[in-house]
1. Any idea which residue in region A:1-18 is surrounded by the fewest Cβ atoms within 10 Å (Cβ to Cβ), counting only those that are facing chain B (nearest Cβ under 8 Å) and hydrophobic (A, V, I, L, M, F, W, C)?
2. With the condition being of a type in the set (Gly, Ala, Ser), at pLDDT 95 or above and over 18 Å from residue A:240 (Cα atoms), I'd like the helices (runs of 4 or more DSSP H) fully within region A:106-219 carrying at least 3 qualifying residues.
3. Scanning region B:117-155 for residues that are of a type in the set (S, T, N, Q) and in contact with a Ser or Thr (Cβ under 9 Å, 6 or more places away or on another chain), which turns out surrounded by the most Cβ atoms within 10 Å (Cβ to Cβ)?
4. Quick check on this structure: which one of A:40, A:29 is at pLDDT 95 or above, within 14 Å of chain B (Cβ to nearest Cβ) and surrounded by fewer than 18 Cβ atoms within 10 Å (Cβ to Cβ)?
5. What are the residues in region A:251-289 that are surrounded by fewer than 24 Cβ atoms within 10 Å (Cβ to Cβ) and more than 15 Å from residue A:319 (Cβ to Cβ), if any?
6. Kindly establish whether residue B:228 is in contact with a Lys or Arg (Cβ under 7 Å, 6 or more places away or on another chain) and part of a strand (DSSP E or B).
7. Output yes when any residue across region B:185-194 is closer than 26 Å to residue B:61 by Cα and either touching a residue at least 40 places away in the same chain (Cβ under 8 Å) or part of a helix (DSSP H, G or I) (or both), and no when none is.
Amino acid sequence: MSYHADEKGYYGEFGGAFIPEMLYPNCEELRQNYIQIMEEPSFKQEFQQLLKDYVGRPTPLYFAKRLSEKFNTKIYLKREDLCHTGAHKVNNTIGQILMAKKLGKHRIIAETGAGQHGVATATVCALMGIECVVYMGEIDIARQAPNVARMKMLGAEVRAAKSGSKTLKDATNEAIRDWINNPVDTHYIIGSVVGPHPYPDMVARFQSVISEEIKSQLLEKEDRENPDYVVACVGGGSNAAGAFYHYLDTPEVGIIAVEAAGKGIHSGESAATSALGKVGIIHGSKTLLMQTADGQITEPYSISAGLDYPGVGPMHAHLYKSGRGEFISITDDEAMQAGLELCKLEGIIPAIESSHALAIFEDRKFKEDDVVVVNLSGRGDKDLQNYIDYFKL
Amino acid sequence: MNRIKQKLSEDKKILSIYFTAGYPKLDDTVQIIQDLEKSGVDLIEIGLPFSDPLADGPTIQESSTAALKNGMHTELLFEQIKDIRKSVSIPLILMGYFNPVLQYGVEKFCQKCEEIGIDGLILPDLPLDVYQEEYEALFKKHRLINVFLITPQTSDERIKAIDDASEGFIYMVSSASTTGAKSGFGEEQSSYFQRISNMQLKNPQIVGFGISNAETFNQATEKTKGAIIGSAFIKHLTENGVDSIGGFVSQIR
């Protein structure tokens, strides 16, 4: 069994393109071209050059000695927090802006929740001198003021999504509506491994540089390409898709996906989609999603804005359903404590999203000689206010 | 014969009206259907509200949100209209997004539609290939016509495939837009209408999106079989409630 997307964009029963006809020409254009474009030498060369000189790749694979001692196993951190703009998101936006150029598009739209993907998109649009419109929920605009300012400084227009619950899923709806209204000159840069085919596969491929580097870096440090486990947090799941990518079909590598339990899985305020979701359609993809019995999509909750998406990418739904992935959910409190612990033990302030992945070590025990790679997807600068409020700093 | 096909065979332009079930008030559904029939409308699309209506503009989105807040859900809609065939004979189409249908159970949904006397479905995010592979037999078994959309960007090749897969009519989206986004038609629409007309499709076309009054209705139906009004009717309901539906329809034709 393969855990990669098939030709129609299915991961097992999940994925596909459940889109209204208005989106068909755009998605079809992308579907017919994305792999071919990604394999062109000129594309590869420019992508790799920018990842190196602009993003700062390869990011280090760092052996976290004190953290390892505490949990009595070997923990490596893949330092995506050191990427330009502060998180792995930029790997994808660099790839997609080059894709948009190859497709002859002159205008970029994107959705954003906390603002990280919006900033990463605004950044590459500035880099390429392309018009950029970012949709962001009205509520998120109010609570993520610094990222709104960043996007504006980078020349993007931030448009408030005022429909529905006024958060990430509604920003995504608005971006899709914009695409319907501008079908010819616009490319939609989706920020995660969600949406209709070919987005989940395309974004996973752009993010796969993470596991590609882990392989060669681990070979250097441990004389082996494969860790025993690779761990990543999952909202939509783009950093996880990148960290898992080259290990998906290597069964000896354990895959651990960490979801946000919010205030507890059964508290009514959670984003643990694997536990709470049912098969359905969200944003053009068949996947696990949180919804009412009547099929209305519900609003998730997590202290981490990057994890409160009501679905997961179809790759992750398949990893869950097939048993290939181990899914763990972590509460707000557990994540915040783990974040603070990394600060004290290793001198690294992680994004709260990444703190969820770090929090599994309290309960999930590993063998002493296990090599466990944790994808540290982002840095905590953007979350300072949350840390300040939570710990009364 | 299916009521939609019967209606399409008449020598007249079709006026179809869309409304969102459960809006403006939860229990307005039956009265709206009855009044639309009395007013001389040819076809009715009953909208099943959805939390995330991707293809809709603000007017229909807001009506959906309000309908859900009022307490509308699939089972309740079926309950409200279970005896509708005792009072109306107009063709009825249910229009909605695929996820609520999937959660209800596609087979059970189709069965229920047949029992009630629903004639067709419009599910914009159920794509052609998935329909053909998984659901076509089921829809046919329950005598439901599935209506597909085309847009100005749809290629001739795909239009032909959609025409082949359709029975009844093709829902022709007038411009690259969400519902209610634009009003009136220009050069671009005229040449699009002409292009489709020249293709000599086996199914008649009914135009939707951008039709709000007699002028746009007449423009849209010059080269097609009919036109659909959605957002403009919802706006009318918002402003006037359900008491003057006949007045709205008589302004169109």
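1. A:17
2. Details: elements: A:116-128, A:138-143, A:145-153, A:168-181, A:199-207.
Here the list reads A:116-128.
3. At the first step, the residues of region B:117-155 found to be of a type in the set (S, T, N, Q) are B:132, B:146, B:151, B:153-155.
Among the residues that remain, those that are also in contact with a Ser or Thr (Cβ under 9 Å, 6 or more places away or on another chain) are: B:146, B:151.
Working: B:146: 21, B:151: 23.
If we take residues in region B:117-155 being of a type in the set (S, T, N, Q) and in contact with a Ser or Thr (Cβ under 9 Å, 6 or more places away or on another chain), then B:151 is surrounded by the most Cβ atoms within 10 Å (Cβ to Cβ).
4. Numbers: A:40 fails: within 14 Å of chain B (Cβ to nearest Cβ).
The conditions single out A:29.
5. A:252, A:263, A:264, A:265, A:266, A:267, A:268, A:269, A:276, A:278, A:280
6. Details: in contact with a Lys or Arg (Cβ under 7 Å, 6 or more places away or on another chain): no; part of a strand (DSSP E or B): yes.
Taking the combined requirement at face value, the residue does not satisfy it.
7. Among the residues of region B:185-194, at least one is closer than 26 Å to residue B:61 by Cα and either touching a residue at least 40 places away in the same chain (Cβ under 8 Å) or part of a helix (DSSP H, G or I) (or both), which makes the answer yes.
Rundown of residues vs (1) assigned to a helix (DSSP H, G or I); (2) under 27 Å from residue A:144 (Cα atoms), yes/no style:
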| position | (1), (2) |
| --- | --- |
| A:226 | no, no |
| A:245 | yes, no |
| A:261 | no, yes |
| A:264 | no, yes |
| A:271 | no, yes |
| A:280 | no, no |
| A:287 | no, no |
| A:317 | yes, no |
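The values are calculated or read from the model by the stated rules, or taken from the named source; none is laboratory data. In this text the structure is predicted, and so the values were computed from the model without any measurement. FYI the Cβ positions are ideal-geometry reconstructions off the backbone, even for glycines, and counts take in every protein chain you see.
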